[in-house]
Amino acid sequence: MPRSRRPQRAAAHELERYTGLFASRTRGMKSSAMRDLMAITERPEVISLAGGLPDTSTFPPENFAAIMSRVAATSTAAALQYGPTEGLAITKDAIRHVMAAEGADVDPEDILVTTGGQQVIDLVCKTLIDPGDVIVAEAPTYPGAIPSFCSYQADVVQIEMDRDGMPIDVLEETLDRLEAEGRRPKFIYTIPNFQNPGGVTMSLPRRKRLVEVAAERELLVLEDNPYGLLRYEGEPLPTLLQLSGGDFIIYLGTFSKILSAGLRLGWAVAPAPVLQKMNMGKQGADLCTSSLTQHFVSQYFREGQWEPYLESLKRLYRGRRDTLLGALAEHFPAEATWTQPEGGLFVWATLPDEIDTTDLLARALQRNVAFVPGRGAYLDGRGGSSMRLNFSGVGDADIREGVRRIGEVVTEQLELFGALTGSRPAPSVAEAPAAADPELADVLQLPRPQDQPGARRSDRRP
């Protein structure tokens with residue numbers, strides 16, 4: 001007899017039986033807005049502009065089969081065995097090739113191979129953060145980093161970006177204020193290239209000044225760079241790691257966006273004392289990164305296929321970005337603004353203040369289209385009228401149709417608001433979002449603070 005499916009949400013009396021067992025840090029844990037949506041967006045009828053999914057259908061199946069066959073023929077025993085926590089030498093060699101493409105020459109001894117880039121964020125927090133410690137991050141910031149920051153009970157101070165990334169003068173003012181309060185940040189978290197979710201890129205003068213500030217104040221900077229090689233226009237900029245010579249910079253890289261997210265293979269480059277502690281933290285987490293995926297990546301790079309494949313991805317994603325920008329211009333209201341990224345995977349769109357994108361998501365899901373609500377990228381209630389849109393994971397036709405559906409719902413919401421205030425005609429359709437679907441009900445429990453959403457920017461800032 002098949003086992004019945006266990007309900008996903010426990011009843012209140014059930015939770016009470018376990019509450020006393022939970023660690024105190026679990027009270028501050030937050031779920032990732034992206035992960036909350038995964039179950040729904042896996043449905044074939046849903047157009048997902050939510051996840052940061054690379055298009056893995058572009059990887060030729062025959063290449064995958066051939067590479068795995070060669071791994072099986074030459075390295076079966078090693079690929080199925082434990083490996084060193086810091087990673088295999090052959091993997092580090094592949095990582096050095098990738099970093100050299102961005103102008104960085106790194107010592108293999110300074111590399112820690114991780115289970116995806118997400119593990120780097122977790123290990124940095126595990127290594128540096130005590131409850132109440134300060135992290136300075138951009139606003140908005142990567143929604144996937146927020147659960148890690150909250151799990152380690154950090155106090156996250158976010159600095160609003162403009163079209164050139166984090167304003168370093170505002171950062172310095174913030175650091176001065178924190179110092180006056182007797183609080184010293186453990187690290188600054190930034191995504192300088194095609195920021196997730198904002199889509200903007202930190203300018204070269206700001207990069208140089210950020211490196212100087214880190215050295216002057218002896219502050220660590222976590223440079224998250226998953227998208228640096230996915231540039232579609234403009235001139236490449238040096239990484240913070242290059243500009244600093246390695247001092248006070250923890251560099252995060254990943255194969256997820258340039259090869260495959262399913263490999264779960266990332267890396268960190270960091271000063272030796274920090275790397276040593278991160279290595280110990282990783283030992284306690286998973287002992288080592290998958291040897292099988294490390295051998296796959298090594299074999300792939302030995303065959304010299306990665307650069308042509310990367311170029312094909314860039315051509316594909318450039319076209320999809322342009323399709324998304326065109327669809328926004330056609331279907332979003334004139335009052336809306338959005339970023340125009342030179343690379344990466346995301347556009348950050350901001351709607352009129354009357355729109356709450358958490359509510360909007362419920363209505364959009366009824367039309368079988370998804371996005372990430374803006375509040376998922378903040379810790380203080382901001383972002384209520386914004387959304388993150390991904391253009392890499394679906395084709396041009398779905399991008400156009402998905403944006404059309406979102407635009408349709410936005411129009412209905414604005415008409416409803418206008419009918420209530422007397423400024424617009426009443427909508428023809430204004431149904432309340434249904435929450436009978438338990439997975440949809442889960443999604444609707446995204447954080448919704450009582451604060452009013454922040455003022456809409458008109459200068460295309462994220």
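Output the number of the condition that residue 214 fails; it satisfies all remaining conditions of (1) in contact (Cβ under 8 Å) with a residue 40 or more places away in the chain; (2) under 27 Å from residue 179 (Cα atoms); (3) small (Gly, Ala, Ser).
(1) is the only condition that residue 214 fails.
Restricting to region 93-118, name every residue that is open to solvent by 20 Å² or more (accessible area, probe 1.4 Å) and either part of a helix (DSSP H, G or I) or within 26 Å of residue 148 (Cα to Cα) (or both). Let's see the steps before the verdict.
Applying the first criterion (open to solvent by 20 Å² or more (accessible area, probe 1.4 Å)) to region 93-118 yields 93, 96-97, 100-103, 105, 107-110, 115, 118.
Scanning region 93-118 gives 93, 96, 97, 100, 108, 109, 110, 115, 118.
For residue 254, state whether it is over 14 Å from the mean Cα position of the chain (by Cα), modelled with pLDDT of 95 or more, closer than 30 Å to residue 63 by Cβ and open to solvent by less than 20 Å² (accessible area, probe 1.4 Å).
The answer is no for residue 254.
Among the residues of region 132-150, write down those that are within 18 Å of the chain's Cα centre (by Cα) and part of a strand (DSSP E or B). Before the answer, list the steps.
The initial filter retains those residues of region 132-150 that are within 18 Å of the chain's Cα centre (by Cα), namely 135-150.
Answer for region 132-150, where residues must be within 18 Å of the chain's Cα centre (by Cα) and part of a strand (DSSP E or B): 135, 136, 137, 138, 139.
Any chance region 262-269 includes a residue that's in a loop (DSSP other than H, G, I, E, B), touching a helix residue (DSSP H, G or I) at 6+ places or on another chain (Cβ under 9 Å), open to solvent by 10 Å² or more (accessible area, probe 1.4 Å) and at pLDDT 95 or above?
If we filter region 262-269 for residues that are in a loop (DSSP other than H, G, I, E, B), which is where we start, we get 264-265.
Next cut, touching a helix residue (DSSP H, G or I) at 6+ places or on another chain (Cβ under 9 Å) only: 264-265.
In the following step, the residues that additionally are open to solvent by 10 Å² or more (accessible area, probe 1.4 Å) were identified as 264.
Still in the list and also at pLDDT 95 or above: 264.
Yes: region 262-269 contains one or more residues that are in a loop (DSSP other than H, G, I, E, B), touching a helix residue (DSSP H, G or I) at 6+ places or on another chain (Cβ under 9 Å), open to solvent by 10 Å² or more (accessible area, probe 1.4 Å) and at pLDDT 95 or above.
Identify all residues within region 75-112 that are hydroxyl-bearing (Ser, Thr, Tyr) and touching a helix residue (DSSP H, G or I) at 6+ places or on another chain (Cβ under 8 Å); write none if there are none. Step through it out loud before you land on a result.
Filtering region 75-112 down to residues hydroxyl-bearing (Ser, Thr, Tyr) leaves 75-76, 82, 85, 91.
Once the filter is applied, which keeps residues that are hydroxyl-bearing (Ser, Thr, Tyr) and touching a helix residue (DSSP H, G or I) at 6+ places or on another chain (Cβ under 8 Å), region 75-112 yields 75, 82, 85, 91.
Is it true that residue 86 is outside any helix (DSSP H, G or I), under 16 Å from residue 226 (Cβ atoms) and open to solvent by 20 Å² or more (accessible area, probe 1.4 Å)?
On the way: outside any helix (DSSP H, G or I): yes; under 16 Å from residue 226 (Cβ atoms): no; open to solvent by 20 Å² or more (accessible area, probe 1.4 Å): yes.
Answer is no for this residue.
Considering only region 289-298, state which residues are of a type outside the set (Val, Ile, Thr) and open to solvent by less than 20 Å² (accessible area, probe 1.4 Å). Break it down stepwise before answering.
Residues of region 289-298 that are of a type outside the set (Val, Ile, Thr), as a first pass: 290-292, 294-296, 298.
Answer for region 289-298, where residues must be of a type outside the set (Val, Ile, Thr) and open to solvent by less than 20 Å² (accessible area, probe 1.4 Å): 291, 294, 296, 298.
Which of the strands (runs of 3 or more DSSP E) found entirely inside region 151-248 contain at least 2 residues meeting this: modelled with pLDDT of 95 or more and open to solvent by 40 Å² or more (accessible area, probe 1.4 Å)?
Values: elements: 155-160, 187-190, 220-224.
Filter on region 151-248 gives 155-160.
Can you find, within region 394-424, the residue that is surrounded by the fewest Cβ atoms within 10 Å (Cβ to Cβ) among those that are aliphatic (A, V, I, L, M) and within 16 Å of residue 347 (Cβ to Cβ)?
The first filter runs over region 394-424 and keeps only residues aliphatic (A, V, I, L, M), leaving 394, 397, 399, 403, 406, 409-410, 414, 416, 419-420.
If we keep only those that are within 16 Å of residue 347 (Cβ to Cβ) too, we end up with 394, 399, 403, 406, 410.
On the way: 394: 20, 399: 27, 403: 27, 406: 29, 410: 24.
Among those that are aliphatic (A, V, I, L, M) and within 16 Å of residue 347 (Cβ to Cβ), it is 394.
Scan region 54-73 for residues that are free of Cβ contacts under 8 Å to residues at least 40 places away in the same chain and either surrounded by 15 or more Cβ atoms within 10 Å (Cβ to Cβ) or part of a helix (DSSP H, G or I) (or both) and report the count.
Taking region 54-73 and keeping what is free of Cβ contacts under 8 Å to residues at least 40 places away in the same chain, we get 57, 60-62, 64-66, 69, 72-73.
Next cut, either surrounded by 15 or more Cβ atoms within 10 Å (Cβ to Cβ) or part of a helix (DSSP H, G or I) (or both) only: 57, 61-62, 64-66, 69, 72-73.
Going through region 54-73 one residue at a time, the tally reaches 9.
The values are calculated or read from the model by the stated rules, or taken from the named source; none is laboratory data. Values in this document were obtained by computation on a predicted structure and should not be read as measured data. All Cβ positions, glycine included, derive from the backbone under ideal geometry; neighbour counts span all protein chains shown. The protein model used for the area step is the full one, side chains on, heavy atoms only, and it has no ligands, DNA or RNA in it. Shrake-Rupley method; radii C 1.70, N 1.55, O 1.52, S 1.80 Å.
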